[in-house]
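Please read the structure below before turning to the comments.
The values are calculated or read from the model by the stated rules, or taken from the named source; none is laboratory data. Small disclaimer: the values here were computed from a predicted structure and weren't measured. For neighbour counting, all protein chains shown are included, and Cβ atoms are generated from backbone atoms with ideal geometry for every residue, glycine included.
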Amino acid sequence: MHAFARDRNLVEHNRTNFWGYNTLAYFAPDGAYLSDGSLGEFKWAIRQLHAAGIEVILDVVYNHTCEGNELGPTLSFRGLDNTAYYRLLPDSPRHYINDTGCGNTVNLSHPRVIQLVMDSLRYWATEFHVDGFRFDLGVTLGREATGFDPGSGFFDALLQDPVLSGLKLISEPWDVGPGGFQLGQHPPGFAEWNGRFRDDIRRYWKGDSGMRGALAGRLQGSAELFDHRRRRPWASVNFITAHDGFTLEDLVSYNDKHNEANGEDNRDGTNENHSYNWGAEGTSSDPAILGQRERIKRALLGTMMVSLGTPMLLAGDEFGHTQEGNNNAYCQDNEISWLDWTMKSSPRGASLYRFVAELIALRKEHRALQAHYFQHARIEVAPGIKDVFWFDERGIELPSEDWDKGFARVLGLRRAMPLDTGGFEAAILLFNADSEAHDFRLPEPQLRYRLAIHSDGVQMRERTIAEGVWSIPAFTMVVLLAEGRA
C-alpha cells in the first residue's frame, strides 16, 4: 500500500498496476486508497479493524522500486545516490543487479538504506499501529555481498529493534537471484510463506504419484524445514493459493493459465500451477465435473486447516471467486480481480462458505489440530498413544518401505495432545486422494471417536461405519475426534 508509480507500458495499454508492487515512497499510502487524501482516514480504518478484533499486517516492498533498470525513469533514489541505494554490477556499474526480476535491487547491505527501511517500518508501527509486516521477496532483504545471509545487517537490526521485533514478521522466502529459494532459512522471529506446502498439497490431491511422504511433512508443519534454532510450527505459513497465481476455483477448473487479457500473449505468469480441470477447461455445467471440483476444493481447504503451522486463506476462495484462469492478474482492476460478494449467497458459494467457517471454528477449538511444538513421536501422552502416529488402511504403523510407494494415495494420522483436565485429545486424520473408496481400520487402542469434518459434503455425516472401520470415499479427507484418560 506504499505510494507507487503506474507502469508506463500498462498506462499506454489502458491497464494499471492493480497490486501496487511498484513502490515510489516508503512513508506514504498510495493516494488511490484514500477518499479524502487524509492520513487520518487510514489511521481510523486501522482503529476500526482493531475494535473488531482484526489485526492489520502490511504487505511491503523494500526489495525494488519503480525506477526500474538503467532505462527507467529517475524519480527518487537514483537521483539521490544511485550507488548507495541500488546494487550495481561490479564490472559495469551503469547496469543493475536484478535479483528481483523487476529491473533493480535495493541495496540492503548499505547502512543508510537499512536506516531508511527501519525508519519506514517504525513509522507505520508507531504512527498507524499496524500489527506486522509481510516482506515481498524477503530473500533480497537478507542479501549481502556473498549472497543470502540469515544474519544479515537488516535482519539483525530488525530483530533487535524494541518496537519492531515484537510484531508479526512474515517473509516471502525467495527471489530470482542466485540461491534465491531460502524457505526455512530465515532467522527465528520470522514466519515464512511455505511454497512447498502449496505445491505438495496441490500435487497430492491432483493425484500425482509418490506424494505420501510429502503430505506427511506438510501436515506436521514442515519440520524438516523449520525445526531448528528453536523455531515453532507457526513459522510455516501454509497456503493453497495467494494473490499471485490461480484462485482456488481456477485451480480445479483450468489445466493451463489464461492470461490473454494482460496483453502479453499469455507469456506472463507461471506455467507450474499443479492444477487440474477435472474434465473441462474453465466453466462447466456438467454436474459430475462441478461435484468433483467442489470435492477437491474442500479437501484442499481441509488439509490446510488441519496442518500444523499458520493457515493463510486467499480472500474469495471461501465462496468460489474466479479470475477466469488468469494466474497473474496484477494489471486487472476490473471484474477479473474484484470480489463478487453476491457469490457468497449462491447455493455453491454458501455451502463452501459454511464449510470454511466450520473448519476455522474446529481448528480454534481443538488442541490436537494446532500443536505448538514439532511432533516426532517422542512423547507418549497416554499408555500406547504417542503424540503422532502414522498408519495405513490396516490401522498399523506405516512401514518405512511403504512411504515411497508411487501408487499409494491414502494416509492416516493420529495426533494426540494432553489437556489441562489431565486427559488427552486425539484427532484421526484420514486422507484418500485415490479414485476409489478405501476402508480404514483405526489404530489401537480404540477410542470413542466422533466425526468432526467430512470434506465430501454434509450428507456424508449420516454414513455410519462398522465399529473401528471407516470407509472414505474417493478424493476425501476426514477428521475424527476423541478424548481419553492419560
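Scanning segment 281-314 for residues that are free of Cβ contacts under 8 Å to residues at least 24 places away in the same chain and farther than 20 Å from ASN432 by Cβ, which turns out surrounded by the most Cβ atoms within 10 Å (Cβ to Cβ)? First the steps, then the outcome.
Within segment 281-314, the subset free of Cβ contacts under 8 Å to residues at least 24 places away in the same chain is 285-289, 291.
Of the ones still in play, those that are also farther than 20 Å from ASN432 by Cβ are 285-287.
Values: SER285: 7, ASP286: 12, PRO287: 8.
Of everything passing the filter in segment 281-314, ASP286 is surrounded by the most Cβ atoms within 10 Å (Cβ to Cβ).
Specify which of the listed residues (SER152, SER92) is at pLDDT 95 or above, more than 24 Å from GLY184 (Cβ to Cβ) and among the small types (Gly, Ala, Ser). Lay out the reasoning, then the answer.
On the way: SER152 fails: more than 24 Å from GLY184 (Cβ to Cβ).
Answer to the selection: SER92.
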Is there a residue in segment 398-416 that is of a type outside the set (A, V, I, L, M, F, W, C), out of contact with any helix residue (DSSP H, G or I) (no Cβ under 8 Å at 6 or more places or on another chain), surrounded by fewer than 20 Cβ atoms within 10 Å (Cβ to Cβ) and at positive phi?
-> no
Count - residues of segment 287-323 that are among the polar types (S, T, N, Q) and either in contact with a strand residue (DSSP E or B) (Cβ under 8 Å, 6 or more places away or on another chain) or under 19 Å from LEU430 (Cα atoms) (or both) | 4
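Here is a yes/no grid of residues against (1) in a loop (DSSP other than H, G, I, E, B); (2) touching a residue at least 40 places away in the same chain (Cβ under 8 Å):
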| residue | (1), (2) |
| --- | --- |
| GLY217 | no, no |
| GLY221 | yes, yes |
| ARG230 | yes, yes |
| THR241 | yes, yes |
| ASP250 | no, yes |
| ASN255 | yes, no |
| GLU264 | yes, no |
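Which is surrounded by fewer than 17 Cβ atoms within 10 Å (Cβ to Cβ) and either hydroxyl-bearing (Ser, Thr, Tyr) or outside any loop (DSSP other than H, G, I, E, B) (or both), of ALA361, ALA427? Don't jump to the end; show me each part of the working.
Details: ALA427 fails: surrounded by fewer than 17 Cβ atoms within 10 Å (Cβ to Cβ).
When all the criteria are applied, what remains is ALA361.
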Of the residues in segment 407-424, those that are in contact with an Asp or Glu (Cβ under 9 Å, 6 or more places away or on another chain) and part of a loop (DSSP other than H, G, I, E, B) come to PHE407, ALA408, ARG409, LEU419, THR421
Consider only pairs whose beta carbons are under 8 Å apart and that are at least six residues apart or on different chains; among these, list those whose first residue lies in segment 79-93 and is in the same structural domain as PHE154 (by TED's automatic domain parsing) and surrounded by 13 or more Cβ atoms within 10 Å (Cβ to Cβ) and whose second residue is charged (D, E, K, R) and modelled with pLDDT under 95.
-> none
Only one residue in GLY180, GLY279 is in contact with a strand residue (DSSP E or B) (Cβ under 6 Å, 6 or more places away or on another chain) and not aromatic (Phe, Trp, Tyr). Which one?
-> GLY180
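Let's see how each residue does on (1) in contact with a His (Cβ under 6 Å, 6 or more places away or on another chain); (2) more than 25 Å from SER455 (Cβ to Cβ); (3) not aromatic (Phe, Trp, Tyr):
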residue	(1), (2), (3)
MET305	no, no, yes
MET312	no, no, yes
PHE374	no, yes, no
ALA382	no, yes, yes
ASP392	no, no, yes
Where in segment 106-213 are the helices (runs of 4 or more DSSP H), entirely inside, with at least 1 residues that are crowded, with 19+ Cβ neighbours inside 10 Å, touching a residue at least 12 places away in the same chain (Cβ under 8 Å) and among the aromatic types (Phe, Trp, Tyr)?
-> 111-127, 153-160, 195-206
Inside segment 364-396, can you point out the residues that are assigned to a strand (DSSP E or B) and touching a residue at least 12 places away in the same chain (Cβ under 8 Å)?
-> VAL381, ALA382, ILE385, LYS386, VAL388, PHE389, TRP390, PHE391
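For (1) closer than 23 Å to ASP59 by Cα; (2) among the hydrophobic types (A, V, I, L, M, F, W, C); (3) under 20 Å from the mean Cα position of the chain (by Cα); (4) outside any strand (DSSP E or B), each residue gets a yes or a no:
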| site | (1), (2), (3), (4) |
| --- | --- |
| ALA288 | no, yes, no, yes |
| LYS297 | no, no, yes, yes |
| GLU324 | no, no, no, yes |
| SER337 | yes, no, yes, yes |
